[in-house]
Each structure stands twice: as structure tokens, then as C-alpha cells.
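The values are calculated or read from the model by the stated rules, or taken from the named source; none is laboratory data. Bear in mind the structure is a predicted one, so any value in this text is a computation, not a measurement. Counting neighbours? That spans all protein chains shown, and the Cβs are built from the backbone with ideal geometry, glycine included. Only protein heavy atoms, including side chains, enter the accessible area calculation; ligands, DNA and RNA are left aside. Shrake-Rupley method; radii C 1.70, N 1.55, O 1.52, S 1.80 Å.
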2 protein chains.
Amino acid sequence: MPAFINDTFIPADDAKLHVSDLSMQRGYAVFDFFRTVNGRPLFIDDHLERFFSSAAAMHLPVNKTKEELIRIVQQLLQQSSLPEAGIRIMLTGGYSPDTYTPASPNLIITCNPVKTATAADFEKGFSVITYEHQRELPHIKTINYAMAVWLQPFLKEKKADDVLYHYNNIITEFPRSNVFVVTKEKKLLTPARHMLKGITRKKVLSLAADVLVTEERDIHLEEVYNAAEIFLSSTSKRLMPVVQIDNIVIGEGKPGVITRELYRRFLEKEKNQ
Amino acid sequence: MPAFINDTFIPADDAKLHVSDLSMQRGYAVFDFFRTVNGRPLFIDDHLERFFSSAAAMHLPVNKTKEELIRIVQQLLQQSSLPEAGIRIMLTGGYSPDTYTPASPNLIITCNPVKTATAADFEKGFSVITYEHQRELPHIKTINYAMAVWLQPFLKEKKADDVLYHYNNIITEFPRSNVFVVTKEKKLLTPARHMLKGITRKKVLSLAADVLVTEERDIHLEEVYNAAEIFLSSTSKRLMPVVQIDNIVIGEGKPGVITRELYRRFLEKEKNQ
């Protein structure tokens with residue numbers, strides 16, 4: 001399997017950085033992640049647009065155009081013999097001379113087998129818990145998921161599939177997914193700020209506009225507990241129903257009709273990209 | 001110059017990790033940093049104690065005893081021909097099979113030339129600004145300094161040497177240093193929570209107990225603006241006077257007598273370790 005570093009295709013095993021890179025010195029790096037469907041990168045324009053936006057927000061020059069990155073990704077996919085792949089593009093703060101000041105960024109692109117949620121996963125849904133936490137620089141896709149990884153033993157203890165962050169009782173996001181709430185009045189709500197705007201979230205909002213009223217706004221935990229349906233959205237999970245949150249069962253513990261309809265439309269869109 | 005990775009001494013240039021390490025995937029790693037004085041590691045027991053405590057708090061097993069780490073550090077120092085060195089020990093979340101779940105940690109120890117603040121730096125002091133921010137998991141020495149690095153262009157624009165974090169007007173710490181405030185009543189204050197407890201901070205508190213009353217407690221920004229003296233403490237800066245904060249000049253813009261006395265005592269302690 002091949003990888004790409006700065007200007008060179010390399011074997012994936014050689015995709016290494018020296019410890020003086022600011023990603024390891026100071027957690028300073030951005031990335032994006034997308035997958036293929038029938039061998040073609042899904043929503044690559046949106047992902048690369050966000051990647052450039054993350055890099056700019058972190059004051060890191062990309063030194064490649066979007067077209068150049070697309071060509072590199074296509075070459076990686078051709079060289080890898082994967083039926084479907086997950087592609088990760090990372091840009092770091094570079095080899096800092098003083099372990100603190102950004103230097104010339106390192107660009108690393110890897111592609112690996114990718115696992116997506118199955119239809120059975122969808123039917124089962126997720127049981128989640130809430131946790132009070134506001135991510136730093138939430139609008140930028142940095143590599144900082146320390147809190148999410150740190151919470152894993154706690155999730156295991158609570159037998160939860162994922163954790164929904166809130167701050168002052170206003171929900172924001174899951175560590176790697178966005179959250180949607182269908183109210184009993186059949187409105188689709190999703191947070192508008194203090195979180196990362198996912199590409200799947202964007203597609204869901206666009207699809208949902210044909211189905212029901214959508215609102216991007218602050219959502220109080222009380223509204224979540226009283227929801228008709230809840231689901232999360234992400235690249236690898238597409239739409240995933242949330243059937244329990246904290247100790248409250250949502251929609252009789254089964255995927256709701258709106259979630260199911262949006263999921264159906266998303267699968268169709270994905271297939272016809 | 002040599003380095004150490006997991007169980008092996010290697011040339012420093014080979015101190016690399018594969019991009020699948022959780023430090024680069026999710027910013028999941030802890031570290032500690034100390035320096036030598038006359039070739040001997042300064043306060044190594046305190047630093048290693050904190051390193052073990054950080055690792056435990058992040059659910060990462062060290063797989064080495066303190067004595068083993070001390071021996072490795074001593075061998076590194078012998079093999080390097082540095083007059084004085086900065087030693088960095090890092091423990092990461094390891095090569096995760098799913099880019100999210102911690103695996104067997106990677107341990108990397110490097111030693112490099114170290115620059116400490118000079119007597120002239122002390123006389124000049126620091127001009128700093130305040131910024132509202134609460135670090136995540138502040139009691140653990142993780143690699144996450146993304147906010148600090150991100151703020152560098154802002155500091156440059158403001159011509160500031162460093163940034164003091166506060167949250168709801170209660171000060172906590174500088175990104176890499178602790179903060180001390182000498183009140184006009186000659187009390188020494190330093191925050192007690194929501195920050196990382198530095199080793200230099202610990203030594204200063206111990207030295208200061210012979211000189212004046214010390215209090216570890218929440219400190220309001222108003223108290224900072226009305227301080228007789230302010231200084232910061234860190235491994236590479238020892239004690240550094242803060243002579244300006246935001247637009248307010250502290251102590252006529254010169255190092256204060258208490259700061260100077262504590263600095264003198266610290267240099268003595270360091271020399272006689």
C-alpha cells in the first residue's frame with residue numbers, strides 16, 4: 001500500500017515523522033478524512049475545501065492546489081488495491097527548531113481499508129451518554145481528540161457507544177460526529193456553533209430540506225431528552241440512530257421514520273455521486 | 001546525539017513514529033521535560049513522578065520503573081557530548097489498529113541542547129497579555145498546546161512575550177509556565193487549580209515559605225492588575241519577572257525585590273542540587 005509525504009510517494013510503512021514535528025511536540029496539525037464509494041472518493045471537494053480552511057485557520061500553508069491533491073489521491077487509490085479506502089490527509093506544524101514555533105509543514109496522505117456502519121448497525125442504533133465539555137478551536141479539524149480518547153474507559157463502564165458533548169446544557173457534537181434532533185413537531189434541529197461542521201451533516205441538511213423543516217440553532221439538553229428521534233452523522237457511520245441517551249429511551253428504542261427516510265436518501269445520493 | 005525508543009538506543013535522526021501513532025492521529029500522548037545543571041538532571045525525581053502521574057491519568061502504562069528511566073537518561077547524557085541538555089520523555093497512545101483506541105504505548109526519550117533565560121532576560125522581564133481560555137485536562141501534561149501555538153501570531157501583533165490564560169477572570173497559567181503574584185501586602189499568591197503544577201512552581205513555593213506568606217488559591221484578574229510584583233516560573237525560564245500585563249505596568253516596569261530574592265535563592269538551590 002502506498003502513502004504520500006510532502007512530494008513523494010512512499011510505502012505506507014515509511015509514513016513516519018520525526019518526533020520534533022509539532023504534531024508530536026505540541027499537538028499542532030490539521031487533517032481531513034474521506035472514503036471511496038465504488039472506488040471514487042466521496043464528497044472530495046467538500047473535504048478538501050474544509051482541509052484548506054482548517055489549514056488556513058491554523059496559519060499553515062498547504063503548498064499544493066486542490067487539483068494537485070486530487071491527483072495525488074487518485075494515484076494513491078490506483079496504486080493501492082483496496083476495493084474501498086479511507087483517505088487521510090494531514091498537515092502538521094513541521095520540524096520546529098525550538099519545539100514551539102511552526103516551521104515548513106509536513107503533508108502526509110495515507111489510504112487504508114475503511115469500515116463503514118452496516119444496515120444491521122443502523123437497525124440496532126447507538127446508546128449514548130452526555131458529557132460536559134467544549135472542544136478547543138472547535139471549527140478547525142485539528143488532531144486534538146485527547147478528551148474523546150481519554151473518555152473511552154468511562155464509556156465502556158457506562159456501556160455507551162458514544163458521547164454527546166454539551167456545554168452549559170447546550171449540545172454541540174459527538175467527538176467524531178454531528179448530532180441531529182427530530183422534535184415531536186417534526187422539525188429537524190442541529191447545532192449551529194461551537195462544533196465542527198461535518199460534510200455528512202451538510203449533505204443531510206440539504207437532503208432534509210425536501211422532507212421537513214430544518215433549523216440550525218442552539219439545542220438545550222431538555223429538547224434532546226424530549227426528542228421524537230435523534231441521530232448522528234459522520235463519514236464512516238453515515239446516519240446512525242440514537243435510541244438511548246443517558247437513561248432515556250428515544251422513539252421506543254428503534255430508528256425513527258424520519259431518520260430512516262433521510263438514511264435511505266443519503267444511501268441513494270452516495271450511490272449516485 | 002543519541003535517542004531512545006521503547007527498548008533501544010538509536011541515533012537522534014531515527015527518533016520517528018509512524019503516522020498511525022495516536023499522538024498524530026488523536027493528539028494522545030503525555031511528556032515531561034527537564035534539563036541538566038553541570039551535567040546532572042535537575043529535579044529528575046519530581047519530573048519523573050509527574051510523568052508517571054500524567055501517564056496513569058491518561059490510562060497509559062509506562063512499562064519501565066523510575067530507576068530504569070533514570071538509567072536510560074544517564075546513558076543518553078553520557079553518549080551525548082552536550083555541556084547542558086534538555087531531556088524530553090514522551091509516552092504516546094501507540095499504533096492504534098482503528099486510529100482511536102489506545103494500543104501499546106511508544107516511549108521516546110530525546111536530549112537536545114537547551115537554552116535557558118539569561119540574567120539579562122531576567123532584568124528585562126516579560127510583557128504579557130491575558131486571554132480567556134481553559135485548557136482541557138489541565139492537570140495532565142499532554143502534548144496539546146494547539147491553542148498556545150495558534151495564538152503566536154496574535155502575540156506577535158500585540159508585541160507580547162507570553163500569554164496568561166484566565167477563565168471567568170480567574171487566572172490559571174501561561175501555556176508553559178506557572179504564574180505568581182506578589183500583593184502590595186507582601187503575600188505570594190499562585191493558582192491552586194485548573195492548571196498544570198510545575199516543578200519550578202513547587203520549588204518556588206518551598207523557597208518562598210522562608211521569605212513571605214504564600215497562598216495557593218483562585219486569583220482574580222483585578223488582583224493581578226493591582227499586584228506589586230508578578231513573575232512566571234518554568235524549567236527553562238526559572239523565574240521571569242512580568243513587568244507589563246495588558247496595558248498595565250507592574251512595579252515601575254522592573255523586577256521587584258521579592259522576585260529578585262526568590263530568583264537568587266532558586267539559582268543557589270539549582271547550583272547546589
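With N counted as the residues of chain B, its alpha-carbon radius of gyration over 2.2 N^0.38 Å works out to 1.04.
For segment B:72-77, 3J(HN,Hα) computed residue by residue from phi via the Karplus equation (6.51, -1.76, 1.60; θ = phi - 60°) reads 4, 4, 4, 5, 4, 5 Hz, glycine and proline entered as x. Within a straight-line Cα-Cα reach of under 16 Å, A:Lys187 can be paired with the following aspartates and glutamates, leaving aside sequence neighbours fewer than 8 residues apart in one chain: A:Asp210, A:Glu215, A:Glu216, A:Asp218, A:Glu222, A:Glu223, A:Glu229, A:Glu261. The mean number of Cβ atoms from other chains found within 10 Å of a Cβ in peptide B:82-94 is 1, as a whole number. Relative contact order, whole percent, for chain A stands at 18, derived from Cα pairs under 8 Å and 6 or more residues apart.
Lysine pairs in segment A:56-171 whose alpha-carbon atoms fall under 27 angstrom of each other, counting only those eight or more residues apart or on distinct chains, come to 12. So what's the gap between the Cα centers of segment A:220-253 and segment B:193-214, to the nearest angstrom? Rounded to whole Å, the Cα centres lie 47 Å apart. Remark on B:Val37: its backbone amide H falls under 5 Å from those of B:Leu42, a criterion applied only to residues 5 or more positions apart or on other chains, H modelled at 1.01 Å from N. Close amide H partners of A:Thr130, meaning residues 5 or more places away or on another chain with modelled amide H under 5 Å apart, are A:Leu164, A:Asp246.
Classify segment B:127-201 as rounded, prolate or oblate, taking a ≥ b ≥ c as the square roots of the eigenvalues of its Cα gyration tensor: rounded when a/c is under 1.5, otherwise prolate if a/b is larger than b/c and oblate if not. In terms of gyration-tensor shape, oblate. Over the protein assembly as shown, the alpha carbon radius of gyration divided by the compact-protein estimate 2.2 N^0.38 Å works out to 1.04.
Helical runs assigned H by DSSP (4 residues or longer) give chain A a calculated mean residue ellipticity at 222 nm of -8000 deg cm²/dmol, each run adding -39500 (n - 2.57) before division by the residue total.
Note on segment B:70-123 and segment A:104-170: Cα centroid distance 29 Å, given to the nearest whole angstrom.
Counting only other residues whose beta carbon sits under 10 Å from that of B:Leu107, what net charge do I get with K and R as +1, D and E as -1?
Values: positive: B:Lys64; negative: B:Asp7.
Spelling it out: positives minus negatives among the neighbours equals 0.
Between identical copies, the spacing of A:Asp46 label points, each set 7 Å from Cα toward the C-beta atom, reads 5.2 nm from nearest to farthest.
The HN-Hα couplings worked out from phi for segment A:243-254 by the Karplus form 6.51 cos²θ - 1.76 cosθ + 1.60 (θ = phi - 60°) are 9, 8, 9, 6, 9, 9, 7, 9, x, 6, x, 10 Hz, whole numbers, x standing for Gly and Pro.
Alpha-carbon geometry of segment B:36-92: the Rg and the Dmax are 11.9, 36 Å, given in that order. Spin-label pair B:Ser236-A:Tyr225: with each label point 7 Å from Cα along the Cα-Cβ axis, the two points sit 4.9 nm from one another. Sequentially through segment A:263-269, phi angles give Karplus couplings (6.51, -1.76, 1.60; θ = phi - 60°) of 4, 4, 5, 5, 4, 5, 4 Hz, Gly and Pro residues having no value and appearing as x. The mean number of partner chain beta-carbon atoms within 10 angstrom of a residue's beta-carbon across peptide A:138-144 is 4.
Applying Stokes-Einstein at 4 °C and 1.567 mPa s to the Kirkwood radius of segment B:1-145, computed over alpha-carbon pairs, gives a translational diffusion coefficient of 78 µm² s⁻¹. Each of B:Gln74, B:Asn112, B:Leu151 was placed along the dipole of segment B:52-154 (beta-carbon charges, centred on the mean Cα), and the one lying farthest toward the positive end is B:Gln74.
With all protein chains in place and a 1.4 Å probe, the accessible surface of the protein assembly as shown carries 50 percent carbon and sulfur. Going by a ≥ b ≥ c, the root eigenvalues of the Cα gyration tensor, does segment B:114-257 fall in the rounded group (a/c under 1.5), the prolate group (a/b larger than b/c) or the oblate group? Verdict is rounded for segment B:114-257. Counting, for every residue in A:148-157, the Cβ atoms of other protein chains within 10 Å of its Cβ and taking the mean gives 3. Summarising the amide proton neighbourhood of A:Ile10: residues at separation of 5 or more, or on other chains, whose placed amide H is nearer than 5 Å comprise A:Ala3, A:Phe4, A:Ile5. Projecting 7 Å from Cα along the Cα-to-Cβ direction, the label point of A:Pro97 sits 4.4 nm from its equivalents in the other copies, listed shortest first. For A:Ala85, neighbours were defined as the other residues whose beta-carbon sits under 12 Å from its Cβ, and their charges (Lys and Arg +1, Asp and Glu -1) total +3. Once you divide the Cα radius of gyration of segment B:229-273 by 2.2 N^0.38 Å, the number left is 1.24. Highest mean first, the peptides B:116-126, A:112-122 sorted by other C-beta atoms within 10 Å per residue fall in the order B:116-126, A:112-122. Which links in A:Lys237/A:Lys271; B:Lys202/B:Lys271; B:Lys237/B:Lys269; A:Lys203/A:Lys254; B:Lys202/B:Lys237 stretch past 19 Å when you go from one Cα to the other? Beyond 19 Å: A:Lys203/A:Lys254. A simple packing score, the average count of other Cβ atoms within 10 Å per residue, orders the peptides B:130-143, A:150-163 as B:130-143, A:150-163, with the highest score first. Summing charges over neighbours of A:Tyr145, with a neighbour being any other residue whose Cβ is under 10 Å away from its Cβ, gives +3 when K and R count +1 and D and E count -1. Using the Cβ-Cβ distance between A:Lys115 and A:His139 with R0 set to 30 Å, the FRET efficiency from 1/(1 + (r/R0)^6) comes to roughly 0.65. Taking a ≥ b ≥ c as the square roots of the eigenvalues of the Cα gyration tensor, an a/c ratio of 1.5 or more together with a/b no larger than b/c marks segment B:59-174 as oblate.
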